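The values are calculated or read from the model by the stated rules, or taken from the named source; none is laboratory data. Only a predicted model underlies this, so the values are computations on that prediction, with no experimental measurement involved. Note that we place each Cβ from the backbone using ideal geometry, even for glycine, and neighbour counts take in every protein chain shown. Areas reflect the complete protein model, heavy atoms only, side chains present, ligands, DNA and RNA absent. Shrake-Rupley method; radii C 1.70, N 1.55, O 1.52, S 1.80 Å.
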Amino acid sequence: MARATGKSEAVYERLKGDIESLRMRPGAKLSEVQLGERLGASRTPVREAIRRLAREGLVDFAPGEVARVAAISLGGVRALFEFRMLLEPRAAASVATVGAADERVLVPFRELLERLEAFDESFRALDPAAQTGSYQEFYDITEAFDQAVIAACRNPYLARTIRDLRSETVRLRHLSHSGPRRMLTSLEEHRAMLKAVTQADAQAADAACRHHLAQTLRALIDSLTSQDLVLGTDVSLDITG
């Protein structure tokens, strides 16, 4: 049983990583047989992983059809960011407030600010081709920031809700950072958020987070509508291409 559970977890992590990174594109079919052959697993752990991903909103089921990687729609993206606007600025502000009373809370954010500054210096020294190859390091820093906010948030319901949205937001990150220019502006936005938190400035943390989400949504809409498709606000974008 432990072996099967371990195999299911490994398949889940592999598929989740492929979906979040867009290696498996929105709309792609998820055949249990083909995935099992590719991943060296039986159908049971593949089926369990697909069901788990469906609960996280990364996989869609249609009656009588094979499961597919969940599509991305403009309406869905807007709805997600409307919800995030209600949650994440409040969480960032609350962490700054807690940090004003207990500086130990601010330690991981100060370390992340140092990492971000070091990345900024090295990133700007690279040529454009090399910059594209270094995106993952920036993603690691931003993911660490998001996880640090979740860990430091004293409201368990708020923290849990933000955590539950991570799978969907991580996948969109690869669309929002469509080039070095957006990468640099996002870097500045994260610097502003980190500085606000480390300075225990709740109002600035709220404003910086709100600005970052608004700019990310704008970048996502630009990225989605630049496809060779005419999209309405609720039209799914299939980019299996």
message: To make sure I understand the rule: partners must be lysines, Cα under 17 Å from the Cα of Lys16, and not fewer than 8 residues away in the same chain. Which ones qualify?
response: Lys7, Lys29
task: Would you work out if the stretch 151-200 is rounded, prolate or oblate? Take a ≥ b ≥ c from the square roots of the eigenvalues of the alpha-carbon gyration tensor; rounded if a/c is under 1.5, else prolate when a/b is larger than b/c, oblate otherwise.
output: oblate
Protein accessible area in the stretch 146-220, 1.4 Å probe - carbon and sulfur %: 50
- request: With the convex hull built on the Cα atoms of the chain, state its orientation-averaged projected area in nm².
  value: 14.9
Which of Tyr157, Tyr139 is most accessible, then next, and so on - probe 1.4 Å: Tyr157, Tyr139
query: How much of the accessible area of the stretch 1-122, in percent, comes from carbon and sulfur atoms when a 1.4 Å probe is used?
result: 52
query: Between the DSSP loop rule and a limit of at most 14 other Cβ atoms within 10 Å, which chymotrypsin sites (Phe, Trp or Tyr not before Pro) in the stretch 11-101 are left?
result: Phe61
For Leu30, distant residues with modelled amide H under 5 Å away: Ala67, Arg68, Val69
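At 1.4 Å probe size, with every protein chain present, just tell me what the per residue accessible area of the chain comes to in Å².
52
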message: Apply the Karplus curve 6.51 cos²θ - 1.76 cosθ + 1.60, θ = phi - 60°, to the phi angles in the stretch 34-50 and return the couplings in whole Hz, x for Gly and Pro.
response: 5, 5, x, 5, 5, 9, x, 9, 6, 5, 5, x, 5, 4, 4, 5, 4
query: In terms of modelled amide H atoms, which long-range or inter-chain residues lie less than 5 Å from the amide H of Val59?
result: Ala54, Ala70
statement: Under the rule rounded for a/c under 1.5, else prolate if a/b exceeds b/c, else oblate, using alpha carbon gyration tensor axes a ≥ b ≥ c, the stretch 107-206 is classed as oblate
